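One structure is given here, and the rest of the page talks about it.
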Amino acid sequence: MEGLSPEVSEGRDPHRDAFLARRQELTEALAESPYDLILYLDRAVVYSNLAYPDLAASDGYKALLLTDEARDEGFEYHERAKEALQKYTGPSSPDVLQHGSLAQTADDMVDGLGKESEAYERLASLASVRCFQILSLSLLLCGCLKSALNFCDKGLKVIPGNKELQEIRGYIEQVARRRLRMQADEPLDINSLPDRGVVRREVYPWNDYEPDRFSDDSLNFLNKHLATMAPKCAVKVSHLPILLDGASNTDSYEIIPTCSQLGLFAKEDIAPGEAVLKEYSLLTANNRLKDSCCDACGGELPPLNEQPGAVSCPECYDTVFCSEFCFEQAQEQYHPAVCEKDVDSIAKDPAAKESDESLYLLLLARLLAMAAHQESHPLDIKEIKYIWGDFVPTHCNDLDLSVDAGPPPEWTLPFSFKYNIEIPLHVLEKMDVDIYATLDHHDTWVFNTAYAKFRGTASARKSTRDGRPDVAAVHPFWCLANHDCDPNVTWEWGGRMVLWARETRVVGNRPGGIKAGEEILNHYCDVDLPVQLRREWASGSLGGFCMCQRCRDDEAAAATVQKEGAMEVDGADGQ
């Protein structure tokens, strides 16, 4: 069972502590009564008060699904949802349904809703409107305007005169016009609205699954596994520059703030061109529906006439592996959880603008399959357990509601209703997983934590046909080698991830090779890009501007050139 971390008990804000305690209480109640939609609505309100609009939207959505379960006898969880709701059918509605004008406008529901013969059905209809209120406002706060408007309009179809939904719709239109730079009288097309936003990227106060990555036990575990992949390397604590939110005048400073992270270090000299690490991973994804790559490792399938050839799963013949070894590894670690479950087509062949998001989703789907088959919590799977997700301290993400508050915090985790809530739950349902009874394993904060770990650490391969990323993988030891825009290694992924010591360095064309004691410096982006594009990439994937020595030097040099150019212009104007 989840517990509150020491950080919470020592929290500065007693109101926040009370909300966290209430969240814990409701989470424990949901473990006892997982089909209780009122508990989900109560917890959604708590999440809203804690400034987690994404988690509020998730609970609102689960509650909405349960309203359908309660009202439709043909649904899988009908009896359980009905039974959970019946205990609230007293003379007055639950407090969470007394919001604003909702209870007073219940008689205005259309198409017979709210006038059902059974009290629990009427309550479910009323609760569905509360779900639409929570979903539309929460998704607006996340920046997902299209989804927010969609749920708001669905709610208004149930109670057209609901004051709260009308106000929310007005807010959505106002934000949409500002973001799209539209005039007040221009009609809004829902399909033109942005539907991606950002949310908090943090180790949630109730997350007990993050290990102490710097402990002796963690380092011993990691080095034991690393020895088979990189015998000349060791995992140690590294001190890295802190990523900044944007441009800064600190680029020219000799000393800048640092933070502690894990890194790979050479135990012995490594010659130029020598293999540093060879790693095999099953945490892979392919977003092409009929592509010739191994379902397990993501490598290319052998030619049809080559022996030994590809191996197909005997149960779901369309799932193909590049070798008997990959097939056996898949059977041991994940495949039975998805075998013949009709999940292969989900998020495949996406639109070009969604290629990246589909790969992250499919990595999450693979993680969920690994956890289900291994009967483990997704965040305990060794492939991601020790990865740092570039998390921001919780107190830095909090909203200050005081009258003298400064600007709101910069949240950094990309988010959409489709990829963070809707499709992950759909994948689990396809896997025959009860999304309500397994809430502790499959809550949206778990998905968000996994996404935070994938972004900036997952490697991707682009298609030779159209240049889109179509295969991705997470190699947990490869990504322990920290990013630097003047790396001393390069890498190649073709079923196995291989790090090689560079023959020459990027800056100054210096000789390659790595001396004993030096840190292995990897690269997660194209190091041939100019500094502005490298930093834009880091901001999106790592949550802040890259502060490696090369980026700071390049930016400082560019600033000097710009300043000198401005001085020349001023001098010319003065003549």
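Here segment 167-225 and segment 74-117 have alpha carbon centers that stand 31 Å from each other. Could you tell me the accessible area of H99 in Å² (1.4 Å probe, neighbours in place), rounded to the nearest ten? Accessible area of H99: about 80 Å². To the nearest 0.05, how large is the calculated FRET efficiency for A271 and E76 if R₀ is 41 Å and r is the Cβ-Cβ distance? My answer for the efficiency is 0.10.
The stretch between E83 and V561 holds 164.9 nm of extra length on full extension. This uses 0.36 nm per residue minus the Cα-Cα distance. Computed from the C-beta positions of D434 and A119 and an R0 of 25 Å, the FRET efficiency is 0.40 to the nearest 0.05. Centroid-to-centroid, using Cα positions, segment 466-488 and segment 129-155 are 36 Å apart. Each of P160, F265, Y209 was scored by the projection of its Cα onto the charge dipole of segment 142-300, and the greatest displacement toward the positive side belongs to P160; charges sit on the C-beta of Lys, Arg, Asp and Glu. Entry comment: accessible area of the chain is 46 Å² per residue, from protein heavy atoms only and a probe of 1.4 Å. Here the extension length gained between Q98 and A29 equals 22.7 nm, from 0.36 nm per residue of separation less the Cα-Cα distance.
Computed over the chain, relative contact order equals 15 percent, with contacts defined as Cα pairs under 8 Å that lie 6+ residues apart. Distance between the pseudo-spin-label points of D212 and L289 (7 Å out from Cα toward the beta carbon): 5.1 nm.
Listed by number, the DSSP H helices of the chain that run 30 Å or longer by alpha-carbon position along their axis and have mean Kyte hydropathy of at least 0.0 are 119-142. Only protein atoms count toward the accessible area here, which uses a 1.4 Å probe; on segment 122-274, the carbon and sulfur part of that area reaches 52 percent. You can think of it this way: the chain between E503 and A227 has 97.0 nm of extra reach, that is 0.36 nm per residue less the Cα-Cα gap. For segment 286-433, the fraction of 1.4 Å probe accessible surface lying on carbon and sulfur atoms is 50 percent. Within segment 409-450, list the residues whose amide N lies under 14 Å from a label point set 7 Å along Cα→Cβ of C259. Only 410-413 fall inside the zone, counting backbone N under 14 Å.
Helix-only estimate, please: 222 nm mean residue ellipticity of the chain, summing -39500 (n - 2.57) across DSSP H runs of length 4 or more and dividing by its residues, to the nearest 500.
-12500 deg cm²/dmol
Simple rule: put +1 on each Lys or Arg Cβ and -1 on each Asp or Glu Cβ in the chain, find the dipole, and look at G495, S92, H523; the Cα lying farthest toward the positive end is H523.
The values are calculated or read from the model by the stated rules, or taken from the named source; none is laboratory data. This structure is a prediction, so every number in the text was calculated from the model and none was measured. Cβ: placed from backbone, ideal geometry, glycine included. Neighbour counts: every protein chain shown. Areas reflect the complete protein model, heavy atoms only, side chains present, ligands, DNA and RNA absent. Shrake-Rupley method; radii C 1.70, N 1.55, O 1.52, S 1.80 Å.
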